[in-house]
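Beneath this line is the structure, given in structure tokens, with notes to follow.
Rule-based calculations on the coordinates, nothing more; no lab input. Owing to the predicted nature of the structure, the values given are computational and were not obtained by experimental measurement. Here the Cβ positions follow ideal geometry from the backbone for every residue, glycine too, while neighbour counts run over all protein chains shown.
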Amino acid sequence: MFLQYIVDVLSLGSLYALFALGLVLVYGILKLVNFAYGELVLVIGYSIFLLKGSPFPWFFMAGTAIVMSIVFSIFTDYVAFRPVREKSVTAVLITSFAFATLLQNAALLLISAKPKNVPMPSFLSDSVQFLGVITPVRNLISIFVTFLCLIIFYQFMKRSTLGLAMRAAATNFNMTRMLGIPANLVITSAFAMSGLLAGIAGTLWMSKIANVFPGVGLEPLLIAFIATVIGGMRSVHGAVLGGFILAFIDMSFNYLLPQDILKFRDVFTFSIVILILLIRPQGLVKGPATGIRT
């Protein structure tokens, strides 16, 4: 029972951590929340759905969806952030909300308001048993892929020239620009990496829900935002930690709450989140005063 609980927390926390990491990457540099971030999951779901009748294998469709997530993430920067980011925070918030609404309405008008089935390979739904634990293959894949992504991400941020530039921009963006590092390149790279992480997490998310609809991005956005607030908006470590803590809270309630009040789980979850923030308003991991920490 306990091992089953651990596997469930790790699999759910893996998705939450990737979503949160993608959100905090952009916030760390621009100090702005990308409220169109959740719509990348919409792009992923509809990309796979539209390729459903093609002769291509599922892994090609998933890869295409991830590429589309990167493209739309960069497009978000060009459409919603870059034209107004020097003006005011309010303008950026409005344009990011507007862009998210635009994508939702485009899906509503061009495809349908009804949920559409997203094709997934059958092996993802197969269950495996080990040490008394029975879990779907997709849960084990989520854990493996997430920890592999985290290792690659941290190595990239610490050892690559672009990663060092992004860390410098997160710590002091104005000083980084004065030193001659191209600001737009750093920001575009942050959006691209955010789209990549959202693409991977969104594909794994689709393997769980197996359908897409215009409002599908709201829940991943809330998850990412809450996880980063818990862990710390200025810390990459905090975002990942917040994702696993949020999954721990959610899964604990799934196991502990009686079935008749399980539908009120979100109330208990948000109550604990509020309690954490009352004790530690800056988040559990405090990053540098002006940036994210890796």
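Numerical summary
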{"item": "Given charges at beta-carbon only (K, R positive; D, E negative), |dipole| of the chain in Debye", "result": "680"}
{"item": "Phe2 versus Ile274: modelled label distance in nm, points set 7 Å from Cα along the beta carbon direction", "result": "3.3"}
{"item": "Geometric extent, Cα atoms of the chain - Rg, Dmax (angstrom)", "result": "19.0, 60"}
{"item": "Mean Cβ neighbour count within 10 Å, used as a protection proxy, ranking 104-112, 256-264, 58-66 highest first", "result": "58-66, 104-112, 256-264"}
{"item": "Inter-label distance for Phe264 and Lys208, nm, one decimal - labels placed 7 Å from Cα along Cα-to-Cβ", "result": "2.4"}
{"item": "Taking Tyr16, Tyr5 and counting other C-beta atoms within 10 Å, the order from fewest to most", "result": "Tyr5, Tyr16"}
{"item": "Neighbour-count ranking [beta-carbon atoms within 10 angstrom, fewest first] of Tyr46, Tyr255", "result": "Tyr255, Tyr46"}
{"item": "Förster-model FRET efficiency, 22 Å R0, Lys52 and Thr101, C-beta, rounded to 0.05", "result": "0.25"}
{"item": "Förster radius 30 Å - calculated FRET efficiency between Phe59 and Ser160, Cβ distance, rounded to 0.05", "result": "0.65"}
{"item": "Relative contact order for the chain, counting Cα pairs under 8 Å that sit 6 or more residues apart, in percent", "result": "35"}
